[in-house]
Amino acid sequence: MLITATSWSEIFTLSGSIVGQTTPRHAFDPTLTTVVAVIAAVGAVILSVTGRRFVTKRQLLVGGGATYATVMLGLWAGVRLIFWRFAFDPVGDALIVAPVLVGFALVIAGQFVVPVYLLVTHDIWTSLVWLFGVTWAFGEFVLLVGGESGGLFTLLVWVAGLLPLCLGVLVVTTGSELLFRRLNLSNLRGS
C-alpha cells in the first residue's frame, strides 16, 4: 500500500494519532506563561526578603511555605480547571487524591522553606537566586498541559524527577558561597 500524504498532519492523522494530543504545550501564549512564572518567582523572593523584617523566622517559614505551596498548586490546578482537564474527579476521588496533594504541597512548601531557612539563619543569598530560578522553572512546568496521563503525574515528575536535581544545584551554590566566605577573598587580594 502506498501512502500519499501531502503534509505532516495528514501523516499523523493517517496513523491514528495527532501530535498535538500527546505533546505538552502552553495552556496560553508562551510569553504570558513566562510572565506568570516570573511574577510567581519575583513574588517568592519578595516574600522571603520582606518577611525577614516583619515576622519571626518560624512565621516566615511556615506561613511563607504555606503561601508558596498554595500559589504554585493554585497555578497547577487553575490551568487544568480552565484550559485542560483532570484525569480524576476532584470531588468524587477526594479521599484518594487529597492525601496525595497534601504530600505534594508539603514538598513544594519545602521548595520555599529550604532556601529561605538558609537565608534567615546563615545569610546565604545565593539561595534566593536558586528560589527565583526554581520557582520560575516550576511555574513554567505546571503551566504546560497535555502529554500527561493526568495532572498528578505532572506534580510527580517535578517532585520525584526534577526537584532532586534542582536541590543538587542548591547544595552546590550554597556550598560555594560558604567556601568563598571561609576563604575570605578580601585577604587574598591583600586588602
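The values are calculated or read from the model by the stated rules, or taken from the named source; none is laboratory data. Predicted model, so just to flag it, every value in this text is computed and none were measured. We place every Cβ from the backbone using ideal geometry, glycine too, and count neighbours over all the protein chains shown. Remember, those area values only see protein heavy atoms, side chains included, never the ligands or the DNA or RNA. Shrake-Rupley method; radii C 1.70, N 1.55, O 1.52, S 1.80 Å.
Using a 1.4 Å probe, how large is the accessible area of L152, given in Å² and rounded to the nearest 10? In the full protein context, L152 sits at about 40 Å². Each peptide in 99-109, 52-62 gets a packing score, the mean of other Cβ atoms within 10 Å over its residues, and the list from highest to lowest is 99-109, 52-62.
Our estimate of slack between V129 and T34, defined as 0.36 nm per intervening residue step minus the Cα-Cα distance, is 32.5 nm.
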